[in-house]
Amino acid sequence: MSRKLFGTDGVRGTANTYPMTAEMALKLGAAAGRFFRTDGRNGHRVVIGKDTRLSGYMLENALTAGLTSTGMNVLLLGPVPTPAVGYLTRSMRADLGIMISASHNHAHDNGIKFFGPEGFKLSDEAEAEIESILGGDIALAQPANIGRAKRIDDGLGRYVEYAKTTFPARGALSGLKVVVDCANGAAYKAAPQVLWELGADVIPVGVAPNGFNINDKCGSTHTQTAAEAVVAHGADLGISLDGDADRVMILDEHGHVADGDQIMALFAARWAEAERLKGGALVATVMSNLGLERFLTGRGLRLERTAVGDRYVVERMREGGFNLGGEQSGHIVMTDYATTGDGLIAGLQFLAAIAETGQRASELVRQFETVPQLLKNVRYGAGKEPLSAPSVQNAITGAEARLSGTGRLLIRKSGTEPLIRVMAECEDEGLLSEVVDGIVEAVENAA
């Protein structure tokens, strides 16, 4: 079944422009409600969370109208991290969870992500079925069966208390000074509160959302803000989250950044030593650095690679019984604790490593030497398919031949933006630049 509306992480686009319009959100809510309300009984529930974008109000109201029109009862959580929606969907026995967020994108974008009753993101098949329902006549509830909607005041508090239980020793953060950059996003309340209640001296930044400043020169995609705060305050480390707090970058006491690969390497090694790494493997995407793979192999562990997208990582984890996975971009998935990437809980696990080893952050963030990697993005116009152009195919074939035996090449379309991502890894940095730039030029000419 083809999927046109859904991308790699739900439905996403520019706010108030198709498909991120109130009209489409209403229809999408009705289609999702019909998909989950198949048995005719009353009492079906859906929880809805959002980040701090202005357009979240519009989409929240439209989704609520669509869902209640098919008999779903809606529980509105307000601004909460994406992983909180996954947690609360299961905790509150909801049939469906929805997060309104465009993650690391700026405020002019928004998105809608769906979670099933177990708190995991929906499969491709489920999303395709919802899209199919959307394209037909949606059966609405009888007047007596229209759903109700109400605000839930304690949703954020439930998540805060749960997050604290994932840290091994209450009070162990006493004396640690921690910068937390919340990207003016969904975790602006939760993250500083959790860290402070666990004993840390907290320096919060990116905690003044105004509807427009989410991810604006802050957060995991702009770590300079957190780095400057770490150095200025003499902090022990920094935790930099993205707009919906499902990603994290860790900064050491010098402001140097550890991406998701380095964080996963640390956790995998520690968990394997403690005999808690299930299946002897880490699940990561094709974007993860070759150095991570070599690091794991040297310790008798495996790297299981998936397509890009944290839900594909989670699907492989569930299939294989693995409990640790994630993405270079900072999604760290620990199914012992969460159903999706959780930047705050990943940050707590890094802090646990500091507390338990007595080592400084700078001693923990550099687990392996990265193989030189170059990633460039090329934007293309509507209706264009640059990867189908013979000139682009020839450039890719030539690059693969030049890298054969010395590196690897990955070309893919972004699932959330009109971009072609060109990534290569090679020990020879001169060759690396040549092959990437050659493909980028070909794509630009075809775009």
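The combined condition, being open to solvent by 70 Å² or more (accessible area, probe 1.4 Å) and of a type in the set (D, E, K, R), is fulfilled by D201.
When region 153-176 is filtered for residues that are open to solvent by less than 30 Å² (accessible area, probe 1.4 Å) and of a type in the set (A, V, I, L, M, F, W, C), the ones remaining, listed by number, are V160, A163, F167, L173, L176.
Annotation note: of E356, E327, the sole residue that is modelled with pLDDT under 95 and under 23 Å from M249 (Cβ atoms) is E356.
Residue-wise test of (1) under 19 Å from the mean Cα position of the chain (by Cα); (2) within 30 Å of D181 (Cβ to Cβ).
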{"residue": "T17", "(1), (2)": "no, yes"}
{"residue": "A30", "(1), (2)": "no, no"}
{"residue": "R37", "(1), (2)": "no, no"}
{"residue": "D51", "(1), (2)": "yes, yes"}
{"residue": "M58", "(1), (2)": "no, yes"}
{"residue": "N73", "(1), (2)": "no, no"}
{"residue": "T82", "(1), (2)": "yes, yes"}
{"residue": "V85", "(1), (2)": "yes, yes"}
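Which one is most open to solvent (accessible area, probe 1.4 Å) among residues in region 409-447 that are polar (S, T, N, Q) and assigned to a helix (DSSP H, G or I)?
Just the residues of region 409-447 that are polar (S, T, N, Q), to begin with: 414, 416, 433, 445.
Right, trim to assigned to a helix (DSSP H, G or I) and you get 433, 445.
Details: S433: 49, N445: 127 Å².
It comes out as N445.
Counting residues in region 177-193 that are closer than 17 Å to G347 by Cβ, open to solvent by 10 Å² or more (accessible area, probe 1.4 Å), among the hydrophobic types (A, V, I, L, M, F, W, C) and at pLDDT 95 or above gives zero.
Among the residues making up region 35-44, a single one is touching a Gly at 6+ places or on another chain (Cβ under 9 Å) and either part of a helix (DSSP H, G or I) or modelled with pLDDT of 95 or more (or both): F36.
Only one entry of P192, P209 meets the criterion of being more than 29 Å from L292 (Cα to Cα) and in contact with a Phe, Trp or Tyr (Cβ under 9 Å, 6 or more places away or on another chain), and that entry is P209. In the set (1) assigned to a helix (DSSP H, G or I); (2) small (G, A, S); (3) without any contact (Cβ under 8 Å) to a residue 60 or more places away in the chain; (4) buried (at least 23 other Cβ atoms within 10 Å of the Cβ), the condition left unmet by A62 is number (4).
Regarding G49, is this residue closer than 20 Å to T339 by Cβ, of a type in the set (G, A, S) and part of a strand (DSSP E or B)? Yes: the conditions hold for G49.
In region 204-223, of all residues being β-branched (V, I, T) and open to solvent by 10 Å² or more (accessible area, probe 1.4 Å), the one that is modelled with the lowest pLDDT corresponds to T221. Checking each residue of region 95-105 against the condition of being in contact with a helix residue (DSSP H, G or I) (Cβ under 8 Å, 6 or more places away or on another chain) and surrounded by fewer than 23 Cβ atoms within 10 Å (Cβ to Cβ) gives at least one match. Taking the criterion of being within 18 Å of D244 (Cβ to Cβ) and either of a type in the set (G, A, S) or not in a loop (DSSP other than H, G, I, E, B) (or both), the residues of region 197-230 that qualify are P204, V205, G206, A208, G211, G219, S220, T225, A226. The residues in region 210-246 that are within 20 Å of D342 (Cβ to Cβ) and among the aliphatic types (A, V, I, L, M) can be counted, and the count is 6. In the set K177, K164, only one residue is out of contact with any His (no Cβ under 7 Å at 6 or more places or on another chain), over 20 Å from S103 (Cα atoms) and not acidic (D, E); that residue is K164.
For region 255-267, the set of residues classified as β-branched (V, I, T) and open to solvent by 10 Å² or more (accessible area, probe 1.4 Å) consists of V257 only.
Within region 224-254, track down each residue that is surrounded by 24 or more Cβ atoms within 10 Å (Cβ to Cβ) and in contact with a Cys (Cβ under 6 Å, 6 or more places away or on another chain).
Correct list: L241 only.
The values are calculated or read from the model by the stated rules, or taken from the named source; none is laboratory data. Source: prediction; values computed, not measured. Every residue, glycine among them, receives a Cβ derived from its backbone with ideal geometry; neighbour counts consider all protein chains shown. Please note that ligands, DNA and RNA were not included when accessible areas were found on the heavy atoms of the full protein model with its side chains. Shrake-Rupley method; radii C 1.70, N 1.55, O 1.52, S 1.80 Å.
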